[in-house]
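Below is one structure, written out as structure tokens; the observations come after it.
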Amino acid sequence: MPESNYIKIYTGDFIMVQRIVSELEAFDIVPIIKDQTESARLAGFGGGIVPGFQQVYVHVDEVERAVPVVEHIISKMNL
């Protein structure tokens, strides 16, 4: 398997992923969203392991800036 320049920083439901993506983009961080359920559905294979969950990846150069943003959002949601 080829080595990737992207690191997974979050896995969760669509709503949280959209919130995180919005906040990351506000900090000029470009996230990549991986949705295995949707990819499988479009390819005709059915659902993924955990339907409705998506993964957020960022480039290795942006991880140090992205992780605190995600941690802040998660901490606000756990109040």
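The values are calculated or read from the model by the stated rules, or taken from the named source; none is laboratory data. All figures in this text were calculated on a predicted structure; none of them were measured in a lab. Methodologically, a virtual Cβ is constructed for each residue, glycine included, from the backbone with ideal geometry; neighbour enumeration extends over all protein chains shown. Accessible surface areas use protein heavy atoms only, side chains included; no ligands, DNA or RNA. Shrake-Rupley method; radii C 1.70, N 1.55, O 1.52, S 1.80 Å.
Listed by first and then second residue, the pairs with beta-carbon distance under 7 Å, at least 6 apart or on different chains, first residue in the range 4-24 and touching a residue at least 24 places away in the same chain (Cβ under 8 Å), second surrounded by fewer than 18 Cβ atoms within 10 Å (Cβ to Cβ) and in a loop (DSSP other than H, G, I, E, B), are 13/52; 14/52. For the range 57-79, taking the residues that are touching a helix residue (DSSP H, G or I) at 6+ places or on another chain (Cβ under 7 Å) and without any contact (Cβ under 8 Å) to a residue 60 or more places away in the chain, the one that is surrounded by the fewest Cβ atoms within 10 Å (Cβ to Cβ) is identified as 73. When restricted to residues that are open to solvent by 80 Å² or more (accessible area, probe 1.4 Å) and modelled with pLDDT of 95 or more, the range 20-56 contains 4.
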